[in-house]
1. By the scheme Lys and Arg +1, Asp and Glu -1, what is the net charge of all other residues having a beta-carbon under 13 Å from that of residue 182?
2. Using label points projected 7 Å from each Cα along Cα→Cβ, tell me how many nm separate residue 7 and residue 87, to one decimal.
3. Along Cα→Cβ, 7 Å out, is where each label goes; now give me the distance between the ones at residue 42 and residue 113 in nm to one decimal.
4. Which entries in 17/135; 117/298; 62/261; 18/298 show an alpha-carbon gap greater than 26 Å?
5. Mind checking the angle between helix 159-169 and the chain's longest principal axis? C-alpha axes, 0 to 90 degrees, to the nearest 10.
6. Which cross-chain or sequence-distant (5 or more) residues have an amide H under 5 Å from the amide H of residue 303, H modelled 1.01 Å from N in plane?
7. Just the number: Rg to Rh for the chain, Cα atoms, Kirkwood Rh, two decimals.
8. Could you tell me which of rounded, prolate or oblate describes region 84-238, using a ≥ b ≥ c as the square roots of the eigenvalues of the alpha-carbon gyration tensor, with rounded for a/c under 1.5 and, failing that, prolate when a/b is larger than b/c and oblate otherwise?
Amino acid sequence: MATKSKQFVWPQSVDRKKDGRKTVGIVVLSAPEAHPNPEHLQRGIRWLEQRGFTVRLAPHVKECRGFLAGPPEQVAHDFHAMLADSDVSWIVSAGGGYNSNSLLRHLDFDLMRRARKPVIGLSNPTLLLNALTAKSGVISFHGPVLLWNLGSEDGGPDEFTEEWLWRMLGHRDGEMVIPREPSWTWPRPGACTGRLLGGNLWSLQQLLGTPYEPDWTGAIVAIEDCFCELHQVAAILEHFACAGVFDRIAGLLVGVPLEVKETELPCEGDFTDVVMAAVEASSFPVLTGVHFGHTDRKITLPIGARATLDAAADAIVIHVNERNPA
């Protein structure tokens, strides 16, 4: 069941130069990744502190309870505490995981609406970002996480990734144009404008048929995946097709995958080929080769914001204003 919202609002902006003394809250939204990787945790904290922020860790960030960081009710409580804390100006996921959907039934979407704080994550927390935006009407951000990006062994994200993180967090009314990169291709040219949804494909699938599913109608959907077989990608895309998603969206933005290939059976083609085969019956524009998600170099995508794909201009345009009609 799709959740509809008439208007989506940008969260409060974070200007690093002006807000550098503000507090950033670090939460875990699924797997206990910080527990076995304390060096990544410390590097990520140091990266934020070097940019003038005070870092506050949620209680379960360092915890480990099997494949979860803690009971879903308690992890959700940690997230709510960060939303309610007036000192915390924005919230970053420590990492990714596998079972973020265990939090869905415990989330207070009204609190997200009232707080209007930027929430940033990727990988499996993709499903939480899309659910939070769908249910609260507040735009969230698909972008760098603490452990694997801010706390990377390379000393943090590259200049491109950091630039787009601060540009999205410090949004101003108007438009942000993301210019082409050499990796971009338009297997199906055209132009479209719609709400930007998406992220990790496998994680998005977990929203289909739930009360937390976003309204795909007229949306531009961004998809990427990692560490999986091509036949698994094909099965997930078929699920989206059978659910009628590809009959409703306005455009598709395809990311650069990370270690997605077929190892079990001989197979020609790659991630993009599988995607294009799945949407063969559709006519919407498709842009591929975009760096977001699991790639080290990445654009921060505002989930719920209005965006335009334009093959003629060879650009992605993010429309920034206080209220975004659906």
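Here, each number is a calculation from the coordinates, and none is a lab measurement. The shown structure was predicted, so the numbers you read here are calculated from the model rather than taken from an experiment. In this analysis, Cβ positions are derived from the backbone assuming ideal geometry, glycine residues included, and neighbour counts consider all displayed protein chains.
1. Values: positive: 180, 297; negative: 181, 314.
Around residue 182, the charge tally is 0.
2. So the label points at residue 7 and residue 87 sit 3.4 nm apart.
3. Spacing of the two 7 Å Cα→Cβ label points: 4.4 nm.
4. Values: 17/135 31 Å; 117/298 21 Å; 62/261 33 Å; 18/298 24 Å.
Result: 17/135; 62/261 exceed 26 Å.
5. For helix 159-169, the angle is close to 80 degrees.
6. Long-range HN contacts for residue 303: 140, 141, 142.
7. Details: Rg = 18.4 Å, Rh = 19.6 Å.
Rg/Rh for the chain comes to 0.94.
8. Numbers: a/c = 1.25, a/b = 1.07, b/c = 1.17.
Verdict is rounded for region 84-238.
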